[in-house]
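Each remark here refers to the structure printed beneath this line.
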């Protein structure tokens, strides 16, 4: 409960005086619109003077706070097809349905110097595979062989895996009702630093939506803000979140992908994400 309150307080900081002001002006104007004509017909009852208008302002401000009250999720429906996009604050691995896991182009899984344990990839190994890296590597290798993706060996890479796959390579692990879509969105350098950019991410998202169409069976899909943290995309989380939403909207209008896509924002990243700006962007993108 305390954690939820802390999250809402952090979100509230992002509201800003401008949004509160705009909501207040809108509400006050609406109330005035109905009150002023009424005073023409009932002058004695609605002649409440300055005290009445002060109460009108207070009510308008209360409604403004209610409208901007911190929420942990917001959902919008696409105009076409019948799909929803949700932006939600929470833990990716607590979501039902399918999950998207971003990886580098060699599909490294070793924690430590190569993969940060706290990253989505690291949590995928520890939470989903109970830290059984051999099992995860075997599943990844089997999937890559089935897809028969082209690959090149990187002989100069001293740590981790050495077989490179094209950016956008996407495989599916898991069961029918709980799949994991692993997509390569970054280039793992021989210095163990992952590099990516908006073109790489857009390409990986395009391949991802194709895979979800084939293997998702319309079940809800949750995706983190891929490309943040160690990917060195030079793009803030806000821009990356908008990129994911835009890509899904465009791909969905071409052909149905899934009933619902949830873009997950981890609670620790709230300070770097304007939840209300994303809500406004989502509303404009869906129509």
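Please treat every number below as a calculation from the coordinates, not as lab data. Note that this is a predicted model, so its numbers are computed, not measured. Neighbour counts run over all protein chains shown; Cβ positions are idealised from the backbone, glycine included.
Taken over region 85-113, residues that are within 13 Å of the chain's Cα centre (by Cα) and either in a loop (DSSP other than H, G, I, E, B) or more than 30 Å from residue 142 (Cα to Cα) (or both) amount to 8.
Against the numbered list (1) within 17 Å of residue 102 (Cβ to Cβ); (2) without any contact (Cβ under 8 Å) to a residue 12 or more places away in the chain; (3) over 26 Å from the mean Cα position of the chain (by Cα), residue 155 comes up short only at (1).
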